[in-house]
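These notes concern the structure reproduced below.
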Protein chains: 2
Amino acid sequence: MKCLVFFVAAVLVASQCHGASFRSFPLSMTTGYGDGASDTEVRCASWRLAVEAQNIFGFETIPQQCVDATANYIEGGQYRSDSKTVNQQIYFFARDRHVHENDVILFNIDGTALSNIPYYSQHGYGSEKFDSERYDEEFVNKGEAPALPETLKNYNKLVSLGYKIIFLSGRLKDKKAVTEANLKKAGYNTWEKLILKDLSNSAENVVEYKTAERAKLVQEGYRIVGNVGDQWNDLKGENRAIRSFKLPNPMYYTK
Amino acid sequence: MKCLVFFVAAVLVASQCHGASFRSFPLSMTTGYGDGASDTEVRCASWRLAVEAQNIFGFETIPQQCVDATANYIEGGQYRSDSKTVNQQIYFFARDRHVHENDVILFNIDGTALSNIPYYSQHGYGSEKFDSERYDEEFVNKGEAPALPETLKNYNKLVSLGYKIIFLSGRLKDKKAVTEANLKKAGYNTWEKLILKDLSNSAENVVEYKTAERAKLVQEGYRIVGNVGDQWNDLKGENRAIRSFKLPNPMYYTK
C-alpha cells in the first residue's frame, strides 16, 4: 500500500510521454504532486486509460517512453486482472439471461481469444510500427498462439450456458486452416462460425467489415447477445450486440 | 520502477472486490501472478478501468474493498494525471481545427468543470449511496467547489482559441445563482450559456435530458465541436459532438 501511495504520488512533468496521439502540453502545466520516482509510469498509465476510454485513438505506435510501463502492465499482472474483470462482466451478463437457440456471442480473435503478446513482447509492446507481413510470418502462420487465459475460461462457461460462439476476425480467409488449428490447439474446441475477411476486401476497415458481417448474422436469424473485442473498432458501427465488451489492449490500435 | 513491478506482480484473489456491478467469479479463477502485497489495489484498478471503458456501469456504490484504492487514485496523483491527459486531447483536437463563430464546446459541471472531490472525500469516495439532498446541502449550495484544475487550464485555452463554452449540467434551475457564482469563483469567467434542468423534469435521465438540450443547441445554429463529461451518460445519445471526451470518474455512476 505504501508502495502504491509512493508510486502514484509521483511528480508529473509535462511532455514526458508523447507520440502520435499523446503530444506534450504546449504550455507546461505544473502539477505539484510532490517528489516521486515514477512520473513516467503515471503518465503512461494515463495514456493507457485514455486509449481504453477512447480519448486517444488512431495511434500507430505507443509512446516510446511507455515501453517499460507497457511491459510492466502486460507482464506484471494488471493486464491479466483487467482481462479477467471484463470477462467476469461478460459472464454475469450472459448468465443472467434466458438463452435462446440462436443467441450468439461474438469474439474477435487476435488480442481477444488468442493472445498475441508472444509477438508484441518481441516487438517493443507496440512501440514498433505494425508490419502485417512480419506478423503473419512470425505469429499467425505458426499457429501456436496461446489463448488469452481469462477469455478461454469465460468461453467455456458461455458454451456451457448454451450460447453459440462465433469468431469474427480481421484475418484473411487464406488463414482459415491455420486459424482453426490454432484455436483448437489453444483450447477453443467448438464454434458456430469462424468468419474471416475476403482477400478482395483486405483494405476494408474493421468497422465496415465487422458491421457488414454482423448484419449478415442478424439476417440469418442469429441474435447477437454479446460482442467481445480488444479494439473499439470491433464493437462500433451498426448491428451492435445487445451488449459489447472492450478487453484491454494498450499495445496497438486497429483501423 | 521496482516498486511498480512489485505492485503489479500482486496475487489476484477471486472475489476480492465485489459490488453491485463487480461480483466475484462463480468459480474461483486462480491467476498465479506470484506473491504480492497489493492484490486489492490491482483488482480495484481493474474495476476502475472497466468503469472508464463502459464494461461496468449502473453501480450505486463503488466496491467497499476499493475505498482505499480509490482514495489513493484520487489523492495520489494518478487521477490528476488522467484528467490532464484527457484535457490535453481536447485541446489538441480543438487547436487543430478552424474555429467558426458558432463552434461550441460543452462542459458538464460536477466532476468535470468543478471538482466534487471535497464532498466525496468526506463520503467514502463513492462507497456511500448518493444522497442528493445531502449533496446539495453540503456541496452545491455552499458554492465553494474548486475547479478541476486541468479542466480550468484547458477551458482558458479553448476560450483563447475562440470557442464558445456552454455548461450543460444536471443541476436543477433553482441552483442557477449559486452555480453561476461558484463557476466564477472557481475561475470560469465567461460562458455562452449555462443550461440547467427544469424542476419539472427532475426525474428525466441524463441521456434524455442532455440529448434534448444538444438538439436545441443545434437548432439554434451552434455547432457542437466537443462535449466533455466525466459520465458516459453526458456523452451518449443523439446530437453528439464532433468528438466527445470522457474525463475519469471512479467514484459514481449517474443514471
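Beta carbons closer than 7 Å, at least 6 apart along the sequence or on distinct chains, pair a first residue in region A:127-142 that is under 17 Å from A:Thr61 (Cβ atoms) with a second that is β-branched (Val, Ile, Thr) and surrounded by 14 or more Cβ atoms within 10 Å (Cβ to Cβ) for A:Ser127/A:Thr61; A:Ser127/A:Ile62; A:Ser127/A:Val67; A:Glu128/A:Thr61; A:Lys129/A:Thr61. The C-beta contact set for region A:170-197 (first residue in contact (Cβ under 8 Å) with a residue 24 or more places away in the chain and acidic (Asp, Glu), second residue loosely packed, with under 14 Cβ neighbours inside 10 Å and in a helix (DSSP H, G or I), distance under 8 angstrom, 6+ apart or interchain) comprises A:Asp174/A:Leu199. Restricting attention to region A:199-220, the residues being open to solvent by less than 60 Å² (accessible area, probe 1.4 Å) and either more than 20 Å from the chain's Cα centre (by Cα) or basic (Lys, Arg) (or both) number 5. Residue count for region B:87-108 under the criterion of being away from every other protein chain (no Cβ under 14 Å) and open to solvent by less than 10 Å² (accessible area, probe 1.4 Å): the result is 5.
Mind checking which residues of region B:229-240 are hydrophobic (A, V, I, L, M, F, W, C) and open to solvent by less than 10 Å² (accessible area, probe 1.4 Å)? Spell out the reasoning first.
To start, the set of residues in region B:229-240 that are hydrophobic (A, V, I, L, M, F, W, C) comprises B:232, B:235.
B:Leu235, the sole residue that qualifies.
Please find, among B:Thr61, B:Thr31, the residue that is of a type in the set (Val, Ile, Thr), touching a Lys or Arg at 6+ places or on another chain (Cβ under 9 Å), modelled with pLDDT of 95 or more and open to solvent by 10 Å² or more (accessible area, probe 1.4 Å). Talk me through it step by step, then tell me what you get.
Numbers: B:Thr31 fails: modelled with pLDDT of 95 or more.
Selected residue: B:Thr61, the only one of B:Thr61, B:Thr31 that is of a type in the set (Val, Ile, Thr), touching a Lys or Arg at 6+ places or on another chain (Cβ under 9 Å), modelled with pLDDT of 95 or more and open to solvent by 10 Å² or more (accessible area, probe 1.4 Å).
The residues of region B:184-198 that are open to solvent by 40 Å² or more (accessible area, probe 1.4 Å) and part of a helix (DSSP H, G or I), listed by number, are B:Lys184, B:Lys185. Please go through region A:64-80 and pick out each residue that is open to solvent by 10 Å² or more (accessible area, probe 1.4 Å) and farther than 20 Å from A:Glu150 by Cβ. A:Gln64, A:Gln65, A:Val67, A:Asp68, listed by residue number. The numbered conditions (1) at the interface with chain A (Cβ under 7 Å from one of its Cβ atoms); (2) under 22 Å from B:Leu148 (Cβ atoms); (3) open to solvent by 10 Å² or more (accessible area, probe 1.4 Å) are all true for B:Glu41 except (2).
For region A:140-149, the set of residues classified as surrounded by 18 or more Cβ atoms within 10 Å (Cβ to Cβ) and away from chain B (no Cβ under 12 Å) consists of A:Val140, A:Gly143, A:Ala145, A:Ala147, A:Leu148, listed by residue number.
The conditions of being over 17 Å from the mean Cα position of the chain (by Cα) and either aliphatic (A, V, I, L, M) or within 19 Å of B:Leu196 (Cα to Cα) (or both) are not met by B:Val86. Run down B:Gly170, B:Gly162, B:Gly111 and say which single residue is open to solvent by 20 Å² or more (accessible area, probe 1.4 Å) and closer than 14 Å to B:Gly229 by Cα. Only one candidate passes the filter, namely B:Gly170. If you filter region B:203-234 down to residues that are in contact (Cβ under 8 Å) with a residue 40 or more places away in the chain and part of a helix (DSSP H, G or I), you find that the one that is farthest from B:Ser115 (Cα to Cα) is B:Leu217. Among the residues making up region B:51-63, those that are outside any helix (DSSP H, G or I) and at the interface with another protein chain (Cβ under 9 Å from one of its Cβ atoms) are B:Ala53, B:Gln54, B:Asn55, B:Ile56.
If A:Leu152 meets every condition in (1) away from every other protein chain (no Cβ under 14 Å); (2) surrounded by 13 or more Cβ atoms within 10 Å (Cβ to Cβ); (3) touching a Gly at 6+ places or on another chain (Cβ under 6 Å) apart from one, which number is that one? All conditions are met except number (1). Listed conditions (1) within 11 Å of chain A (Cβ to nearest Cβ); (2) modelled with pLDDT of 95 or more; (3) closer than 25 Å to A:Leu247 by Cα are all met by B:Cys66, apart from (1).
The values are calculated or read from the model by the stated rules, or taken from the named source; none is laboratory data. This structure is a prediction, so every number in the text was calculated from the model and none was measured. Glycine gets a Cβ as well: all are built from the backbone with ideal geometry, and neighbour counts include every protein chain shown. SASA here: full protein model, heavy atoms, side chains in, ligands and nucleic acids out. Shrake-Rupley method; radii C 1.70, N 1.55, O 1.52, S 1.80 Å.
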